[in-house]
1. Of all residues being closer than 19 Å to residue 19 by Cα and assigned to a loop (DSSP other than H, G, I, E, B) in region 33-54, which is nearest to the ligand (Cβ to nearest atom)? Just the residue, please.
2. Which numbered condition trips up residue 145, out of (1) away from the ligand (no atom under 12 Å from the Cβ); (2) in a loop (DSSP other than H, G, I, E, B)?
3. So, of the residues in region 109-134 that are away from the ligand (no atom under 11 Å from the Cβ) and among the hydroxyl-bearing types (Ser, Thr, Tyr), which turns out to be nearest to residue 228 (Cα to Cα)?
4. Across region 250-259, what is the number of residues that are within 10 Å of residue 106 (Cβ to Cβ) and within 13 Å of the ligand (Cβ to nearest atom)?
5. May I ask you to say which residue of 242, 268, 218 is on the phi > 0 side of the Ramachandran plot and either surrounded by fewer than 19 Cβ atoms within 10 Å (Cβ to Cβ) or within 16 Å of the ligand (Cβ to nearest atom) (or both)?
6. Report whether or not residue 88 is at negative phi and either at pLDDT 95 or above or assigned by TED's automatic domain parsing to the domain that holds residue 154 (or both).
7. Residue 57: within 16 Å of the ligand (Cβ to nearest atom) and either among the acidic types (Asp, Glu) or surrounded by 23 or more Cβ atoms within 10 Å (Cβ to Cβ) (or both), yes or no?
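The values are calculated or read from the model by the stated rules, or taken from the named source; none is laboratory data. Fair warning: this is a prediction, and the values are worked out from it, not measured in the lab. Virtual Cβ from ideal backbone geometry, glycine too; neighbours counted across all protein chains shown.
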Amino acid sequence: MTTSAELMARAVKVIPGGVNSPVRAFQSVGLNPRFIDRADGPYVWDVEGNRYIDYIGSWGPMILGHNDQAVREAVQKACERGMSFGAATELEVRIAEFICETVPHVEMIRMVNSGTEAVMSALRLARGFTGRDKIIKFAGNYHGHSDCMLVEAGSGVLTAGVPGSAGVPEGCAQDTLTAGYNDLESVKALFEGNPGQVAAVIVEPVAANMGVVLPAPGFLEGLRALCDEHGALLVFDEVICGFRLAYGGAAQRFGITPDLVTYGKIIGGGMPVGAFGGRVDIMSLMAPAGPVYQAGTLSGNPIAMTAGLAQLRELHDHPEHYERLEQAGERLYGGIERLIRQSGAPCTINHIGSIGSTFFTSKQVTDYASAKTSDTDAFARYFRYMLEHGFSLAPSQFEAMFISCAHDDAVLDETLAAIDAFLQG
Ligand SMILES: *Cc1c(COP(=O)(O)O)cnc(C)c1O
């Protein structure tokens with residue numbers, strides 16, 4: 001049997017840090033990563049054959065649970081027709097029609113290959129549409145790894161405890177203005193200090209890359225109003241929230257209409273897919289219809305579109321999935337909240353629907369600064385305890401737990417029992 005440790009020893013020789021995405025390394029929790037062999041429903045198995053109840057869910061995409069039968073069978077069938085054509089297909093029309101028909105604020109959509117690409121392209125479009133250069137983002141929000149978005153970014157950047165990334169030219173970052181999450185005054189100040197220069201405000205409508213942080217009442221409404229007042233576009237980065245917090249994402253859940261929206265993760269059903277869409281007058285500027293260039297050899301790939309469409313259909317046609325995700329979130333996160341209260345542990349939990357984060361701080365976590373008050377050593381102890389007891393959590397304080405439709409009450413209660421035991425010490 002090949003072990004995870006042996007694979008890691010081989011991996012670090014040929015892959016930087018042994019992983020193809022930093023968030024997969026267990027650096028911040030002081031372990032070697034478990035190499036995963038297969039997954040089904042709420043479970044993953046490592047190469048040693050250990051089974052874990054999984055709350056990573058491939059970082060969001062696997063909302064139906066791992067290895068969903070409908071998605072898998074659709075993909076198996078699609079594979080028989082060829083892997084890629086680099087030409088227009090009916091499938092691309094069907095998935096675009098499906099999304100435009102089922103998500104009111106998406107009038108037109110362009111498929112790409114990742115969330116990073118979706119954000120990068122949406123911001124270029126916002127700049128092309130407004131003729132302005134500056135973008136406002138929020139500290140602790142993560143929008144993928146394009147140059148201009150690696151400023152006070154969340155996710156792996158925050159986990160590594162670095163302010164940004166080496167290799168980002170100053171020029172790329174100088175048009176990125178950073179505001180405080182849940183701090184409308186800071187957004188207002190940036191608009192007023194850069195009159196007529198802000199193309200767009202991009203926001204995670206529910207932040208999930210500094211751990212889960214909810215928008216304060218009025219925050220998203222305030223962003224909408226400020227953008228309207230200053231002629232800037234409001235871009236919701238729904239790469240995590242889209243098709244999760246509701247079928248229509250955070251926009252539907254909070255009743256705020258963005259001008260543009262970016263997708264990733266769930267939209268691909270586990271395949272590498274991203275997308276951006278929104279108002280038709282803006283989207284019409286994309287090449288070849290308009291002057292804003294963007295392209296992709298494998299964009300709209302038939303296997304990926306098949307997986308995405310199968311998953312979106314299942315979610316849209318069965319609204320009971322969203323009821324279940326709400327109940328499951330209440331059961332697990334509400335349960336953790338009770339356990340924290342009972343044990344008196346210096347922790348706090350933020351959650352909404354199927355996503356949540358337990359922060360190892362007694363402070364309320366409402367933004368980047370308060371998220372960073374977390375005791376990451378305490379988180380690492382929690383992570384290791386849970387891993388040893390058969391639970392796969394994201395190996396970082398600053399990520400979300402993802403519940404899928406395949407996590408039944410028994411699985412959730414098993415998780416609560418383990419967390420209880422940990423908190424009891
Ligand atoms: C994951 C994520 C991205 C980046 O998506 P990739 O597919 O990893 O490039 C962008 N925005 C948010 C909110 C994300 O969570």
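1. Residue satisfying both the conditions and the ranking: 33.
2. All conditions pass for residue 145, except number (1).
3. 130
4. Residues flagged as within 10 Å of residue 106 (Cβ to Cβ) and within 13 Å of the ligand (Cβ to nearest atom) within region 250-259 amount to 0.
5. Sole residue among the options that is on the phi > 0 side of the Ramachandran plot and either surrounded by fewer than 19 Cβ atoms within 10 Å (Cβ to Cβ) or within 16 Å of the ligand (Cβ to nearest atom) (or both): 218.
6. Yes; evaluated as a whole, the condition is true for this residue.
7. yes
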